[in-house]
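Participant: Please see the structure below; I have some questions.
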Amino acid sequence: MLGTAGMQADTCALHKVISTRMRMYEHDNGKPMTFNAVSQMLSTVLYYKRFFPYYTFNIVAGLDEKGEGWVCGYDAIGSFEERKIVCNGAGTKLMQPVFDNQVDWAQSWDGAGKPNLNLDQATDLMKDAFTSAAEREITVGDTLQIYKITKDGIQLEEFELRKD
């Protein structure tokens, strides 16, 4: 799953290149690309255009070979970091600290941390964070699309943020 923030024309061009490369890989190898292969390929495509980069900021999400969920956050020239939680786009500065605290327990005052969130708790946390960000940052959109990726497939849930 690829999520992109940035200039719409560059987003469309990048998605076209990525989908073409993924189809070519599948035809050549007889199987779809793994999460790690997609994440590295996107980095290479972005780095190739580093002198006139796509004005895009990307997130790749998926399951690794062990069935564990990961996301990779990218800058415009392909540098990326593989983590459990990543934000890109207009509300990043408002939401990333919340997710770091509530998911990674990176700033837990007692250092203890809590057990992993289940899917419903993570969904509710995302809804709360996006609702707050949408109230404070005008460029955050009106609808949140949450793609829930599990070993059983991908499920889409849409959540209305505001209508003003």
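Participant: Could you list all residues from the range 50-76 that are in contact (Cβ under 8 Å) with a residue 60 or more places away in the chain and surrounded by 13 or more Cβ atoms within 10 Å (Cβ to Cβ)?
Facilitator: A61, G62, L63, G69, A76
Participant: Still on this structure: Can you tell me how many residues in the range 136-158 are within 16 Å of G89 (Cβ to Cβ) and open to solvent by 30 Å² or more (accessible area, probe 1.4 Å)?
Facilitator: Count: 9.
Participant: Pull out all pairs, ordered by first then second residue, where Cβ-Cβ is under 6 Å, the residues are six or more apart or on different chains, the first lies in the range 144-160 and is polar (S, T, N, Q), and the second is open to solvent by 100 Å² or more (accessible area, probe 1.4 Å).
Facilitator: Q145/E158
Participant: Since V45 meets every condition but one in (1) out of contact with any strand residue (DSSP E or B) (no Cβ under 6 Å at 6 or more places or on another chain); (2) hydrophobic (A, V, I, L, M, F, W, C); (3) closer than 17 Å to M1 by Cα; (4) in contact (Cβ under 8 Å) with a residue 40 or more places away in the chain, which condition does it not meet?
Facilitator: Among (1) out of contact with any strand residue (DSSP E or B) (no Cβ under 6 Å at 6 or more places or on another chain); (2) hydrophobic (A, V, I, L, M, F, W, C); (3) closer than 17 Å to M1 by Cα; (4) in contact (Cβ under 8 Å) with a residue 40 or more places away in the chain, the lone unmet condition for V45 is (4).
Participant: Can you spot a residue in the range 6-26 that is in a strand (DSSP E or B), surrounded by 14 or more Cβ atoms within 10 Å (Cβ to Cβ) and modelled with pLDDT under 90?
Facilitator: Yes, some residue in the range 6-26 is in a strand (DSSP E or B), surrounded by 14 or more Cβ atoms within 10 Å (Cβ to Cβ) and modelled with pLDDT under 90.
Participant: Of the conditions (1) of a type in the set (F, W, Y); (2) open to solvent by less than 40 Å² (accessible area, probe 1.4 Å); (3) modelled with pLDDT of 95 or more, Y47 clears all except one; give me its number.
Facilitator: (2)
Participant: Which number in (1) more than 23 Å from F130 (Cβ to Cβ); (2) of a type outside the set (D, E, K, R); (3) assigned to a loop (DSSP other than H, G, I, E, B) marks the one condition that V38 misses?
Facilitator: (3)
The values are calculated or read from the model by the stated rules, or taken from the named source; none is laboratory data. What you are looking at is a predicted structure, and each value in this text was computed from that prediction instead of being measured. Using ideal geometry, Cβ is built from the backbone for each residue, glycine included, and neighbour counts are taken over all protein chains shown. Keep in mind that these areas ignore ligands, DNA and RNA; they rest on the heavy atoms of the full protein, side chains included. Shrake-Rupley method; radii C 1.70, N 1.55, O 1.52, S 1.80 Å.
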